[in-house]
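Structure first, commentary second.
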Amino acid sequence: MKRIESTQNALVKHWKKLVTTRKEREKTGEFIVEGFHLVEEALKNKDQIVQMIVREGVELPLLWATDDVMIVEVTETIAKELAETETSQGVFAHCKQVEVDSEAKGNWKKVLLVDAVQDPGNIGTMIRTADAAGIDGVVLGKGCADAYNPKTLRSAQGSHFHIPVIRGELAEWMEDLQARGVKVYGTALQDAIEYTNVEHSESFALIVGNEGSGIHPQLLDKTDQNVIIPIFGRAESLNVAVATGILLYQFVK
């Protein structure tokens, strides 16, 4: 086990940047997860782990298979620098983002496309829901919160290790999916049918949009069919992550 005691250590500075800046995460293709649950999920995908970071005095569960994982012990001061939660559990994993090859993406039959959703909590919840619903992959378009933002990671509860999440040009994705015979459903009021009237299919793509302004009109023009979820009470609308969950489960049913 390696030990680091200085906050000025180059590796500590790198970790801190991974926690705080999207630019560093995108440049290096790396990210940090925090807490026992997320680190345990990361350990199920050891090839993604660069190293584990453990605060001095923290005991790791005996059942964790960490024999071939580099573990770095750090002081309480360093752990505080990396912690995003108020009561940190003092365990972190420095991980690599997964690259998805073109062939794999070309085989996706159930896809969630996300347009300009800016809240990391919503993005994380949608990733987790897509994972639970058995979706093949999530594509985040322009204007979306970072998939590897600490809040996104916490909200997704480890689903980043189960389902591919990539950034992409949504218009191109829609064209490619439609060329493969995959229908793309939008969420909008105009030219829409109730979501329960959608015919079941083994393949589909769902595009959901920004919390305030919805899906960009140029993307909506390209959908095969738009759907609505009726509102029975007095709320003006549903949270985008909640609406996504309702629709995905209806479509995979």
Problem - Furthest towards positive pole of dipole, Ile246, Gln218, Ala188, structure part segment 102-252, Cβ charges - result: Ile246
Exercise for the section: Between His200 and His14, take the C-beta separation as r, use R0 = 45 Å, and let me know the FRET efficiency to the nearest 0.05. Expected result: 0.40
Completion exercise
For the chain, the charge dipole (Cβ of Lys, Arg +1; Cβ of Asp, Glu -1; about the Cα centre) points to a positive end, and the Cα of Gly141, His14, Val91 closest to that extreme belongs to His14
Fill in the blank from the handout: Karplus ³J(HN,Hα) for segment 187-198 (6.51 cos²θ - 1.76 cosθ + 1.60, θ = phi - 60°; Hz, whole; x = Gly/Pro) runs 10, 7, 7, 6, 6, 10, 10, 5, 4, 6, 8, 6
Problem - Computed helical MRE - 222 nm, the chain, DSSP H runs ≥ 4 contributing -39500 (n - 2.57), nearest 500 - result: -9000 deg cm²/dmol
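Taking every pair of alpha-carbon atoms in segment 102-252, give the share separated by more than 25 Å as a whole percent. Let's see the in-between values first.
Details: 2243 of 11325 pairs.
Beyond 25 Å sits 20 percent of the P(r) for segment 102-252.
In debye, nearest 20, what is the charge dipole magnitude of segment 31-174 about its Cα centre with +1 on Lys and Arg Cβ and -1 on Asp and Glu Cβ, if you could check? Please report the intermediate quantities before stating the final value.
Values: 13 positive and 23 negative charges, 90 e Å.
For this selection, approximately 440 debye.
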Practice task
Compare the peptides 232-238, 7-13 by average per-residue count of other Cβ atoms within 10 angstrom and give them in order, highest first.
Solution key: 7-13, 232-238
Completion exercise
Restricting to lysines and to Cα separations under 23 Å from Lys80, and discarding same-chain partners fewer than 8 apart, the set is Lys2, Lys13, Lys16, Lys17, Lys23, Lys96, Lys151
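Can you give the direction-averaged projected area of the convex hull of the alpha-carbon atoms in segment 2-96, in nm²? Intermediate results must be reported in sequence, preceding the final value.
Details: hull surface 23.3 nm².
Quarter of the Cα hull surface area: 5.8 nm².
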Problem - Charge-dipole axis of the chain as Lys and Arg at +1 and Asp and Glu at -1 on Cβ define it, positive-most pick from Ala79, Val69, Gly121 - result: Ala79
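With r defined as the distance between the Cβ atoms of Asn45 and Lys222 and R0 fixed at 41 Å, what FRET efficiency is calculated, to the nearest 0.05? Please report the intermediate quantities before stating the final value.
Details: r = 34 Å, r/R0 = 0.84.
My answer for the efficiency is 0.75.
Any chance you could run the full-extension gain for Arg180 through Ile231? It's 0.36 nm times the residue separation minus the Cα-Cα distance, nm to one decimal.
Details: separation 51, 0.36 × 51 = 18.36 nm, distance 3.34 nm.
Between Arg180 and Ile231, full extension yields 15.0 nm more.
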Completion exercise
The answer for the net charge of residues other than Gln89 whose Cβ lies under 13 angstrom from its Cβ, with Lys and Arg +1 and Asp and Glu -1, is -3
Handout entry: Virtual spin-label span in nm between Thr28 and Val69, 7 Å along Cα→Cβ
Key = 1.8 nm
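Considering every Cα-Cα pair within the chain, what fraction, in whole percent, is farther apart than 28 Å?
Values: 12126 of 31878 pairs.
Roughly 38 percent, once rounded to a whole number.
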Problem - Glu172/Glu59 FRET efficiency (R0 51 Å; Cβ-Cβ; nearest 0.05) - result: 0.55
Completion exercise
Between Val227 and residues 5 or more places away or on another chain, the pairs with built amide H atoms under 5 Å apart involve Gly186, Thr187, Ala188, Ile193
Handout entry: Lys, Arg +1 and Asp, Glu -1 on Cβ, resulting dipole of the chain about Cα centre, debye, nearest 20
Key = 300 debye
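Each value in this text was obtained by applying a stated rule to the coordinates, not by laboratory testing. Model, not experiment: these values are computed from the prediction. In this analysis, Cβ positions are derived from the backbone assuming ideal geometry, glycine residues included, and neighbour counts consider all displayed protein chains.
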